[in-house]
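Since the structure comes first, as structure tokens, the remarks are kept for the end.
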Amino acid sequence: MRIHERALIREMSETGVYALAALAAIVVVTLVARILGRAALGNIATEAVPPFIAFGLMHLLPVLLSLALFMAVFLTLTRYWRDSEMVVWFGSGLSHVDWLRPVLAFAIPVTLVIALFSLALLPWAADKRQEYERYLSGREEIASLAPGLFIEAGGGRKVYFVESLEAVEERVRNVFIRTESHGRTGIIVAREGHRERAPDGADFLVLEHGRRYEGTPGSPDYRVVEFERYHVRLEIGPARPRADLARTRPTTDLFANPIPENQAELVWRLGHPLSALILAAFAVPLSFFNPRSGRSLNALFAMLVYAVYNNLIGLSEGWVVQQHLGGTAGILLIHGPMLALLVMLFWLRSAGPRPWWRR
């Protein structure tokens, strides 16, 4: 490896570490403020704040690594232009293409790390987050059954009352539940109960040794049923949105079952490493610094390229979900033109200041 390549990789590594640390700090502060706000409103338990911060940071790691990689290459090469070092290197016989080799040598390992996070670790983290949210949901619902108080659930369709609560064992005693379903009123009383989770992840309050009264007293359809065990689905708190199952599926399952949702998820997962590598190469021609045009013009253009590229990846994911595009077409339609634009930029920089019709 030549002198300029070693020097460039060393400086890009230092700049990348600083950029990643700064970006991670900004994201952590934002996550802390948002999650603490939810905890203050009572939407999540206080003990769930650190795990949610960790899950949120892990979800954004591919984006942070991609942005830090782009900033490392762009800022380092921009400094070379600003301090006239690039002029010296060009005077020694180097060209723009010669800088692509050390940039790729630095970017490819980072891209592989991004691919590992995007394709393997993030689905696992998303699945663990959903499990943790289901666990917290069950605990919050049991905990919200305050002894001696009437608790509404399901928009007033259910009213709970318990005389005593053992939070550690998640057992309740002397339970009263009033339900409204299809215009019929039901009353359930039981000696005791406990929380139980079904195989599909749904949480139930299992009542033991009680009775259910349904209907209007005195009417022919009035019923009284005694039971040993009775399952009531817990719905305390606001309704939770449907989980995005594609986010939690392993990448191999997405390839094995190419439905639109899975193909869209593949477009999103593959987009992170592909865009990171292409943007790192983009930073070479974008870093060109012309003192006459101002110091911020190339930086603004670089920010515009990065923002447009990442937004297009999100748009392509939506197009695949809506079946306007296939999975392969969604990848090629976004990354193909960006590669063509990259080649054109290298050609323009290498051709020099001559008019385009003479190049």
*Environment charge of Gly330, counting only residues whose C-beta is closer than 15 Å and scoring Lys/Arg +1, Asp/Glu -1*: -2
*asked:* Give me the one-decimal nm value for the distance between modelled label points at Ile3 and Arg38, 7 Å along each residue's Cα-to-Cβ direction.
replied: 5.5
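Starting from the Cα-Cα distance between Ala22 and Glu208, subtract it from 0.36 nm times their residue separation and give me the gain in nm to one decimal.
Working: separation 186, 0.36 × 186 = 66.96 nm, distance 5.54 nm.
Difference between extended and current length: 61.4 nm.
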*How far is it, in nm, from the label point at Leu149 to the one at Glu163 when both lie 7 Å from their Cα along the line to the Cβ?*
2.0
*asked:* Per-residue counts of other Cβ atoms within 10 Å, averaged by peptide: what ranking do you get for 98-107, 224-233, 73-82, highest first?
replied: 73-82, 98-107, 224-233
*asked:* Starting from 0.36 nm per residue, how many nanometres of slack lie between Glu131 and Ala340 once their C-alpha separation is accounted for?
replied: 70.9 nm
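Take the Cβ-Cβ distance between Arg184 and Met303 as r, set R0 to 56 Å, and report the resulting FRET efficiency rounded to the nearest 0.05. Don't skip to the answer; put the middle values down first.
Details: r = 60 Å, r/R0 = 1.08.
So, using R0 = 56 Å, E works out to roughly 0.40.
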*So if R0 is 56 Å, what FRET efficiency would Glu47 and Asp83 give, r being the distance between their Cβ atoms, rounded to the nearest 0.05?*
0.65
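Just so you know, all these numbers are worked out from the coordinates, no wet-lab data involved. Nothing here was measured: the structure is a model prediction, and the numbers come from that model. In this analysis, Cβ positions are derived from the backbone assuming ideal geometry, glycine residues included, and neighbour counts consider all displayed protein chains.
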